[in-house]
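K.L.:
The structure is given below, and queries will be raised subsequently.
The values are calculated or read from the model by the stated rules, or taken from the named source; none is laboratory data. For clarity, every value in this text was computed on a predicted model and none was experimentally measured. Cβ placement follows ideal geometry from the backbone for every residue including glycine, while neighbour counts extend to all protein chains displayed.
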Amino acid sequence: MFIPYELEIEGRPELRNFPANVLFAKVTTIDGVKIMGSALYEPDVSSFASDGTRHLLRYRNTHGGDCWLQIVYDTEKQVWEGEKIINGEIAWSAFGNSWKRFFIQFTLLGLKNGECCILEKLASPPTFTR
């Protein structure tokens, strides 16, 4: 799970309750080798919408595909809601009344099958002998 920094764009204070980016990751073992997959989502500032108290911003997966996030911040209730959409389907959603709690819940599940990501082989821990 990852807790992002706030989005700070000069002259756009309405974006301050949104993350600068969102990272999802998952570790698995393939043929005895530990592999980490990660997907980074960056804001599409042009997608910002507001109906007064509810502000919405979408995020696109930097690795492409039909993978994106939708985050809503309600200024009246001071809560965040988020959905992760993979290939046109909602993979999961989260809700939180604090920045930390929301992003823990939102990023905890990591990656979903079919999500565009980068795979990296993790370094093996050192071996100690006597």
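K.L.:
Kindly indicate which of A39, A25, A20 is loosely packed, with under 14 Cβ neighbours inside 10 Å, modelled with pLDDT of 95 or more and of a type outside the set (F, W, Y).
P.N.:
Being loosely packed, with under 14 Cβ neighbours inside 10 Å, modelled with pLDDT of 95 or more and of a type outside the set (F, W, Y) holds for just one of A39, A25, A20, which is A20.
K.L.:
Which pairs turn up if I take residues in the range 50-61 that are surrounded by fewer than 19 Cβ atoms within 10 Å (Cβ to Cβ) and look for partners that are assigned to a loop (DSSP other than H, G, I, E, B) with beta carbon separation below 6 Å, at least 6 apart in sequence or on another chain?
P.N.:
Between residues of the range 50-61 that are surrounded by fewer than 19 Cβ atoms within 10 Å (Cβ to Cβ) and residues that are assigned to a loop (DSSP other than H, G, I, E, B), the close pairs are T53/T75; T53/E76.
Each row is one residue, and each column tells you yes or no for (1) over 21 Å from R12 (Cβ atoms); (2) modelled with pLDDT under 95.
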site	(1), (2)
S46	no, no
R54	no, no
N61	yes, no
I85	yes, no
A94	yes, no
S98	yes, no
F103	no, no
G114	yes, yes
I118	yes, no
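K.L.:
Being more than 11 Å from the chain's Cα centre (by Cα) and over 22 Å from L122 (Cα atoms) narrows it down to one of A91, A20, so name that one.
P.N.:
None of the other options fit; the residue is A91.
K.L.:
If K100 passes every condition in (1) surrounded by 14 or more Cβ atoms within 10 Å (Cβ to Cβ); (2) not in a strand (DSSP E or B) but one, which one does it miss?
P.N.:
Here K100 meets the rest and fails (1).
K.L.:
Which members of the range 87-102 meet the condition of being among the small types (G, A, S), in contact with a Gly (Cβ under 7 Å, 6 or more places away or on another chain) and farther than 14 Å from M1 by Cα?
P.N.:
Across the range 87-102, the qualifying residue is only S93.
K.L.:
Spot the failing condition for I9; the list is (1) touching a strand residue (DSSP E or B) at 6+ places or on another chain (Cβ under 6 Å); (2) part of a loop (DSSP other than H, G, I, E, B), and only one is missed.
P.N.:
Here I9 meets the rest and fails (1).
K.L.:
May I ask you to list the residues in the range 12-48 that are assigned to a loop (DSSP other than H, G, I, E, B) and basic (K, R)?
P.N.:
R12, R16
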